[in-house]
1. So if R0 is 22 Å, what FRET efficiency would T23 and V94 give, r being the distance between their Cβ atoms, rounded to the nearest 0.05?
2. How do F95, F36 rank when sorted from fewest to most other Cβ atoms within 10 Å of their own Cβ?
3. Which length gain, in nm to one decimal place, applies between H34 and N59 when the Cα-Cα distance is subtracted from 0.36 nm times their residue separation?
4. In region 41-96, what is the count of Lys pairs whose alpha carbons are under 12 Å apart, counting only pairs at least 8 residues apart or on separate chains?
5. Over all directions, the average projected area of the alpha-carbon convex hull for region 34-96 comes to how many nm²?
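Please treat every number below as a calculation from the coordinates, not as lab data. All values derive from a computational prediction rather than experimental measurement. Using ideal geometry, Cβ is built from the backbone for each residue, glycine included, and neighbour counts are taken over all protein chains shown.
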Amino acid sequence: MTKSVGQIIFNDLAKSGVYEKLTVSQCVLEVLKHVFGDLSGHLKILSFKNGVVWIGTPNPVFSQELSFMEREIVNKVNGIIGETVVKEIRFKEVFK
């Protein structure tokens, strides 16, 4: 049975966990765009590991505002994915 190049790449990404990271990152970005609109362009997904998403922000005030909305963001992301993948979100100031 032959497989397409796309299927081989997808399988490799799924095995390595990269596909999950890409999917979670995309969902988090979509939720942030929905919640913050243009301000979401100032945020950066830094990492995703063991259910924790790290988001880079431009300043501590932005981090604090986001931390108040963490549960809402987590619930929306997990709702989009259809299962509990994200357990918590942490924020870190990344100065540009």
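1. It comes to 0.45.
2. Lowest count first: F95, F36.
3. Here the answer is 7.0 nm.
4. Eligible lysine pairs with Cα atoms under 12 Å apart amount to 4.
5. Here the figure is 4.1 nm², rounded to one decimal.
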